[in-house]
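See structure below.
The values are calculated or read from the model by the stated rules, or taken from the named source; none is laboratory data. Just so we're clear, the structure is a prediction, and the values are computed from it rather than from any experiment. Cβ placement follows ideal geometry from the backbone for every residue including glycine, while neighbour counts extend to all protein chains displayed.
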Amino acid sequence: MAYVPLVTREDLSPEGQAAWDAERVRSGADPTHMKRALLNHLPSYQALMNWYPLYAEVERIVGARGAVVYSFAISTQNECLLCTTYFRRALKNRGEDINGLDFNEVEQDLAEFGRSVARDHRSDPALVARLIERYGHEGIVALIGFGILMIGNNITNSFLGVELDPGLQDLADELAAQAKAELAEREAAGGAGAASGSGVVPGAGA
């Protein structure tokens, strides 16, 4: 259930329209559903749009894939469907495992740090020490600063009930169909195994 409307440009004040137009220049498209929801309150929109420069900083520090891994981990921990699907699409576009099953040791650290930040608001001191050794004090602060806004985006989408954008919905539907098919296969295999173990021939009746 969506609690706020997805505004159009015509709904906005001149300042809001300027923000809409700036986003079109930045992305080459109209604002996403999340941005249209946030534009119901321009200061909130402006605050959370700092996500972009902070994400660029995280990319600079940990690399493009590391930034996706970290963001994906935070979003999955927070069970944000929109953000999780967004970063699954990013992994898919890179030709990588969309469920994050191929992380190396460094990426595992980023993922665990992201999950702990989202879950506990703190992390294992040994893990923090490894991250500081790799990325420095600047890096650990950048990860925390960005993490705060990533969590803010997660909460915005989940709490306000923001619907997935069409491209993300297509991927979500594809993943749901895949999961349903895999479940059916497992159930069929389990049923066949149970029937085989009981000595009953499938399909044979009294």
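Can you find a residue in the range 49-60 that is assigned by TED's automatic domain parsing to the domain that holds residue 135 and either over 30 Å from residue 136 (Cα atoms) or small (Gly, Ala, Ser) (or both)?
Yes, the range 49-60 contains a residue that is assigned by TED's automatic domain parsing to the domain that holds residue 135 and either over 30 Å from residue 136 (Cα atoms) or small (Gly, Ala, Ser) (or both).
Let's see how each residue does on (1) closer than 26 Å to residue 35 by Cβ; (2) among the small types (Gly, Ala, Ser); (3) more than 11 Å from the chain's Cα centre (by Cα):
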{"residue": "60", "(1), (2), (3)": "yes, no, yes"}
{"residue": "77", "(1), (2), (3)": "yes, no, no"}
{"residue": "85", "(1), (2), (3)": "yes, no, no"}
{"residue": "97", "(1), (2), (3)": "no, no, yes"}
{"residue": "120", "(1), (2), (3)": "no, no, yes"}
{"residue": "125", "(1), (2), (3)": "no, no, yes"}
{"residue": "130", "(1), (2), (3)": "no, no, yes"}
{"residue": "134", "(1), (2), (3)": "no, no, yes"}
{"residue": "138", "(1), (2), (3)": "no, no, yes"}
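With respect to the numbered conditions (1) in contact with a helix residue (DSSP H, G or I) (Cβ under 6 Å, 6 or more places away or on another chain); (2) assigned to a helix (DSSP H, G or I); (3) aliphatic (A, V, I, L, M), which one is the sole condition not fulfilled by residue 181?
Single failed check for residue 181: (1).
Looking at residue 104 and the list (1) surrounded by fewer than 17 Cβ atoms within 10 Å (Cβ to Cβ); (2) at pLDDT 95 or above; (3) of a type in the set (S, T, N, Q), which single condition is not satisfied?
Of everything listed in (1) surrounded by fewer than 17 Cβ atoms within 10 Å (Cβ to Cβ); (2) at pLDDT 95 or above; (3) of a type in the set (S, T, N, Q), residue 104 misses just condition (2).
Out of the residues in the range 135-166 that are of a type in the set (A, V, I, L, M, F, W, C) and more than 18 Å from residue 121 (Cα to Cα), state the one that is surrounded by the most Cβ atoms within 10 Å (Cβ to Cβ).
162
Which of the numbered conditions does residue 48 fail, given that it passes all the others? Conditions: (1) farther than 25 Å from residue 7 by Cα; (2) modelled with pLDDT of 90 or more; (3) touching a Gly at 6+ places or on another chain (Cβ under 8 Å).
With (1) farther than 25 Å from residue 7 by Cα; (2) modelled with pLDDT of 90 or more; (3) touching a Gly at 6+ places or on another chain (Cβ under 8 Å) applied to residue 48, the lone miss is (1).
Which residue out of 118, 64, 126 is crowded, with 17+ Cβ neighbours inside 10 Å and at pLDDT 90 or above?
118
Look at the range 19-64 and say how many of its residues are within 29 Å of residue 111 (Cα to Cα) and hydrophobic (A, V, I, L, M, F, W, C).
13
Only one of 67, 56, 118 is out of contact with any helix residue (DSSP H, G or I) (no Cβ under 7 Å at 6 or more places or on another chain) and of a type in the set (Gly, Ala, Ser); which?
Checking each option against the conditions leaves just 56.
Which one of 79, 96 is outside any helix (DSSP H, G or I), closer than 26 Å to residue 6 by Cβ and assigned by TED's automatic domain parsing to the domain that holds residue 122?
79
If residue 171 meets every condition in (1) loosely packed, with under 13 Cβ neighbours inside 10 Å; (2) under 17 Å from the mean Cα position of the chain (by Cα) apart from one, which number is that one?
Against the list (1) loosely packed, with under 13 Cβ neighbours inside 10 Å; (2) under 17 Å from the mean Cα position of the chain (by Cα), residue 171 comes up short only on (1).
One line per residue, one yes/no per condition, for (1) charged (D, E, K, R); (2) buried (at least 22 other Cβ atoms within 10 Å of the Cβ):
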position: 24; (1), (2): yes, no
position: 28; (1), (2): no, no
position: 40; (1), (2): no, no
position: 50; (1), (2): no, no
position: 69; (1), (2): no, yes
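With part of a loop (DSSP other than H, G, I, E, B) and without any contact (Cβ under 8 Å) to a residue 12 or more places away in the chain as the only criterion, which of 43, 5, 31, 53 stands out?
The unique qualifying residue is 31.
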